[in-house]
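The values are calculated or read from the model by the stated rules, or taken from the named source; none is laboratory data. Source: prediction; values computed, not measured. Every residue, glycine as well, gets a Cβ built from its backbone with ideal geometry; the counts of neighbours run over all protein chains shown.
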Amino acid sequence: MHDPTEEPHPLYWEASYEIVLSLLRSYPAANLDSLGLGELQRMIVALPGFADDPALANDELLVDILREYYEETIDDEIQRRA
């Protein structure tokens, strides 16, 4: 089990799934329907353990993360309703 007092693992842009899981923990009430790419990038860079260069993000990368974030949110919603 993860100890919440432990330091978070470093997050890098290529670890999109880990970024999404961290986003879900850090921003559980985020409105993904109105979330822009700039705001998403700011949210990711502010995540505990984010260790990559913010300038390396591009629209394609952010769209992929946003898509995965949305899919995980939908999956969580479906599981809660089941």
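How about the range 27-82: which of its residues are at pLDDT 90 or above and of a type in the set (Asp, Glu)?
Asp33, Glu39, Asp52, Asp53, Asp59, Glu60, Asp64, Glu68, Glu71, Glu72
Just the residues that are in a helix (DSSP H, G or I) and within 15 Å of the chain's Cα centre (by Cα), please, taken from the range 43-58.
Step one: filter the range 43-58 for residues in a helix (DSSP H, G or I), giving 43-45, 54-56.
Across the range 43-58, the qualifying residues are Met43, Ile44, Val45, Pro54.
Across the range 28-67, what is the number of residues that are over 19 Å from Pro10 (Cβ atoms) and not aliphatic (A, V, I, L, M)?
Here the count works out to 12.
Can you pull out every residue in the range 12-42 that is outside any helix (DSSP H, G or I) and among the hydrophobic types (A, V, I, L, M, F, W, C)?
Here is the first cut: in the range 12-42, the residues outside any helix (DSSP H, G or I) are 12-15, 27-31, 35-36.
Within the range 12-42, Trp13, Ala15, Ala29, Ala30, Leu35 qualify.
Just give me the residues in the range 59-82 being assigned to a helix (DSSP H, G or I) and free of Cβ contacts under 8 Å to residues at least 24 places away in the same chain, in sequence order.
Once the filter is applied, which keeps residues that are assigned to a helix (DSSP H, G or I) and free of Cβ contacts under 8 Å to residues at least 24 places away in the same chain, the range 59-82 yields Asp59, Glu60, Arg67, Glu71, Ile74, Asp75, Glu77, Ile78, Gln79, Arg80, Arg81.
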